[in-house]
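Structure first, commentary second.
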């Protein structure tokens, strides 16, 4: 019998407590937009949001840019044992997606079977609503 992977959508999640340097990211999720910090001196993106550039340590070179949020599976694992609040919702995917802009984002996956999941699978954003009006970025296969 094939193992059924769960999607973790029924787990109660608390909104993030944004810091001043991550507020724009979370504001973007209200409109289901993926916003990344872009270092205009190095020409590279960074994720997760930080106060300073990871490439040169400067704050002044960072700007926010909207991206598609599409990418491909770099690696994944199947969580078969978990702590609260995930306990009892196993098994589920934890994935590292390399966005087309070159940054890696760790998240849960929805609407994906064990048979379909593989390294290199194209993914697109899936937005899971949170109680404060923000949305949590998750991923699902990009079948289009």
Condition check for residue 3: at pLDDT below 95, closer than 23 Å to residue 143 by Cα and surrounded by fewer than 17 Cβ atoms within 10 Å (Cβ to Cβ)
yes
Taking the conditions exactly as written (in contact (Cβ under 8 Å) with a residue 40 or more places away in the chain, surrounded by 14 or more Cβ atoms within 10 Å (Cβ to Cβ), within 27 Å of residue 131 (Cβ to Cβ) and out of contact with any helix residue (DSSP H, G or I) (no Cβ under 7 Å at 6 or more places or on another chain)), does residue 47 satisfy them or not?
yes
Only residues that are under 18 Å from residue 9 (Cα atoms) and without any contact (Cβ under 8 Å) to a residue 40 or more places away in the chain: list them for segment 97-137, please.
106, 107, 126, 129
Residue 19 vs. criteria over 17 Å from the mean Cα position of the chain (by Cα), at negative phi and loosely packed, with under 14 Cβ neighbours inside 10 Å
yes
Failed criterion for residue 10 (all others in (1) in contact (Cβ under 8 Å) with a residue 60 or more places away in the chain; (2) within 15 Å of the chain's Cα centre (by Cα); (3) not in a strand (DSSP E or B) hold):
(2)
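The values are calculated or read from the model by the stated rules, or taken from the named source; none is laboratory data. Please read all numbers here as calculations on a predicted model, not as lab measurements. Heads up, the Cβs are rebuilt from the backbone with ideal geometry, glycines too, and the neighbour counts pull from every protein chain shown.
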